Amino acid sequence: MSIRYCIALLLAGCLTAFAADAAPKPKPAPGPATVLLPTRSPLITFRLLFNTGSASDPQGKEGLASLTAAMLSDAGSRTMTYAQINEAMYPMATSFNSQVDKEMSVFVGTTHSDNLERYYTIIRDMVLDPGFREDDFQRVKTDAVNFLKVTLRSSNDEELGKEVLYTMIYPPTHPYGHVNAGRVSTLEKLTLDDVRNFYKQHYTQAALVVGLAGAYPKGFEQRVVADFRKLPAGKAQKVNAAAPAQKPGMQIQIVQRQTRSTAISLGFPIDQVRGQKDWPALAVVASYLGQHRSSSSYLYQQLRELRGLNYGDYAYVEYFPQGMYRFEPAPNLGRRSQIFQIWIRPVDPKNGLFTLRAALYEYDKLVKNGMSKETFESTREFLGKYANVLTQTQDAQLGYALDSNFYGTPEFPQYMREQLSRLTLEDVNRAIKKYLKSDAMRIAIVTEDAEGLRKGILSNLPSPVTYTSPKPQSVLEEDKTIQAYTIPAKDADVKVVPAEQVFE
């Protein structure tokens, strides 16, 4: 399907451009920007993206951005209760959802063109005329608290470890220094007036980018823009999200909780994001080391295929939440600061220390040796085609178009093709030396015997691995090096934290 890609900044009130006299032209009124993807599809996709998120949470009110978004997408409008909205959407086989990250809050929905008028009227009122009912507020606040207490702390080692890693890298004083959902103690104190105030301050025309795709009627996009001029004009806000300085040395936080496996996350900040010079090189490195859900990546081959240590061994240069449920990352998680990270999970606890050493050993080999010509060429070819996989649906195309608007890049597949075609092996290996040679690795581990693992790490005694099937002699020989691999962490650098205290 041919997609005509266009990004248009529509500014209101441009009707006097051809005035006959020499009077000064009036300044255009501020209005929402647009990203439009007109296609022949009868499915009309909306992505209403506000450039605000958890990085704008006031201190002591962490979680407010997420709660405000939930009060729009998961609650009633002034004219319809949430139950009435669900009842109206059910026969249309549609929904309206929100996603909140550090600097973006996006509202997403798709409807058939036959239902466009009815659907748009409902979601327009949800965003522009929210009901802000007390019963809705108590419900979504309880959901948010339970997400932290039950989902993250108690039932999802993978997401728990990843989010703890981010809190290790970004201090509480940094705009990224708390999880998007907030903290338990601050969420419990938030009020409906807090939500109203956040909505009034951050849901503005200046913050909004209207994303629209599909065979919408001619002039519909102007109608949407005109409707959303109801929002306050506001001013564009940019979060100071510079990569945080890291204290040299390795620091490890072990989250103790009752679990049958061990989850390991490693990472450190990188001062490159999509659109910057060396980001494509780092994307190649991450894909080679640990492409998400790919059995051909290097770490996967070394840890799972050769040794059977665990299920997933992946590496990333961008935030990727909900990885255990997704094969591809969601769009609209744009950030001005990213980290390089590795996930190793789930691991049999008796092999936890060996697996941590194996991950560090393989990572150090990459930093020391770089990529070969063969692996560079094959990874570059894969990524060039993978960009098309990421944008295979209309909704994904719209999401990535909004991200391209955020990062100031061409459309994503074109951007990747152009950047990858210029990339050389020397570029990639230079980027490895420059950005991955970190002396400030942060490691988050979720396991049951946290104290035992801590003692094992600090003792630096060999940690032989236990296999349940025969291994090649070459693997066993290399294991002798891995099991004695030195972890350069001091006593004060390895902390144990009960899961109940995390995100409190």
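Numbers below:
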| item | result |
| --- | --- |
| Overall dimensions of segment 407-463 as given by Cα atoms, namely Rg and Dmax in Å | 20.1, 51 |
| Computed over the chain, Cα set: Rg, Dmax in Å | 24.5, 89 |
| Proximal aspartates and glutamates relative to K230, as straight alpha-carbon distance under 17 Å, when same-chain residues fewer than 8 apart are discounted | D125, D129, E221 |
| The chain: angle of helix 412-422 to the longest principal axis, Cα-based, in degrees nearest 10 | 50 degrees |
| Per residue, in Å², the accessible surface of segment 302-370 once ligands and nucleic acids are set aside, probe 1.4 Å | 32 Å² |
| Ellipticity estimate at 222 nm from DSSP helix runs (n ≥ 4, -39,500 (n - 2.57)) divided over the chain, nearest 500 | -11000 deg cm²/dmol |
| Share, in percent, of DSSP beta bridges within the chain that are antiparallel, nearest 5 | 70 percent |
| Within the chain, longest stretch clear of exposed chymotrypsin sites (Phe, Trp or Tyr not before Pro) (DSSP loop, no more than 12 other Cβ within 10 Å) | 19-324 |
| Full-stretch length increase - K373, K455 - with 0.36 nm per residue and alpha-carbon distance subtracted | 25.4 nm |
| Reachable lysines, given that their alpha-carbon falls under 24 Å from the alpha-carbon of K277 and they are not under 8 places away in the same chain | K102, K238, K368, K373, K385, K433, K434, K437 |
| Rounded percent of accessible protein surface that carbon and sulfur make up, the chain, 1.4 Å probe | 53 percent |
| Segment 321-450: relative contact order in percent, alpha carbon pairs under 8 Å with at least 6 residues between | 34 percent |
| For the chain: relative contact order, % (alpha-carbon pairs under 8 angstrom, 6 or more apart) | 20 percent |
| Prolate/oblate/rounded label for segment 88-245 (Cα gyration tensor, a/c 1.5) | prolate |
| Base-10 log of normalised Debye intensity for segment 333-441 (one unit scatterer per alpha-carbon) at q = 0.18, 0.20, 0.23 Å⁻¹ | -1.11, -1.19, -1.24 |
| On Cα atoms only, tilt of 373-390 relative to the major axis of the chain in degrees | 30 degrees |
| Largest-first principal axis extents of the Cα set of segment 94-149 (Å) | 42, 25, 19 |
| Spatially proximal aspartates and glutamates relative to K471 (Cα-Cα < 17 Å; intrachain offsets below 8 disregarded) | E305, D479 |
| In degrees, nearest ten, helix 64-73 long axis to first principal axis of the chain (Cα) | 50 degrees |
| Solvent-accessible ranking of V475, V497, largest area first, probe 1.4 Å | V497, V475 |
| 3J(HN,Hα) from dihedral phi, segment 248-262, Karplus parametrisation 6.51/-1.76/1.60, rounded to Hz, x for glycine, proline | x, x, 7, 10, 10, 10, 10, 8, 8, 7, 6, 7, 8, 9, 10 |
| Pairs beyond 21 Å (Cα-Cα), from K365/K490; K189/K235; K247/K495 | K365/K490; K189/K235 |
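The values are calculated or read from the model by the stated rules, or taken from the named source; none is laboratory data. Remember, it's a predicted structure, so these values are computed and weren't measured experimentally. Here the Cβ is made from the backbone with ideal geometry for all residues, glycine too, and neighbour counts use every protein chain on show. Surface accessibility is based on the protein's heavy atoms, side chains included, excluding ligands, DNA and RNA. Shrake-Rupley method; radii C 1.70, N 1.55, O 1.52, S 1.80 Å.
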